[in-house]
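A quick write-up on the structure given underneath.
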Amino acid sequence: SPGQTDATERANIEVKEDKSGLVVLPNTTSLSDVVRALNAVGATPTDLLAILQAMKAAGALKAELEVI
């Protein structure tokens, strides 16, 4: 594109994180228990998907994820 880039001397970036509760579940917990606990601490559907994909990649989820 024929745009123009402007440089700035300083950029102030502020990151805020909500204080969520920590969820500890036993090894024998079902997938529905995991989803229920994450919903209870305010996880969004996008958060749930990312968490489940990370669990699967780490080998902590013995299930197939199908995103449709």
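The values are calculated or read from the model by the stated rules, or taken from the named source; none is laboratory data. Being a predicted model, the structure only gives us computed values, none of them experimental. Note that each Cβ is placed from the backbone with ideal geometry, even for glycine, and that neighbours are counted across all protein chains shown. Only protein heavy atoms, including side chains, enter the accessible area calculation; ligands, DNA and RNA are left aside. Shrake-Rupley method; radii C 1.70, N 1.55, O 1.52, S 1.80 Å.
Miscellaneous remarks
- Volume of the Cα convex hull of the chain, divided per residue and given in Å³: 184
- Between helix 45-57 and the chain: long-axis angle, C-alpha atoms, 0 to 90°, nearest 10: 70
- Pair VAL67, ASP33: separation of 7 Å Cα→Cβ label points (nm): 2.7
- Here the chain has 52 percent of its accessible surface on carbon and sulfur atoms, given a 1.4 Å probe and all protein chains in place.
- Per residue, the chain exposes an accessible area of 95 Å² to a 1.4 Å probe, with every protein chain left in place.
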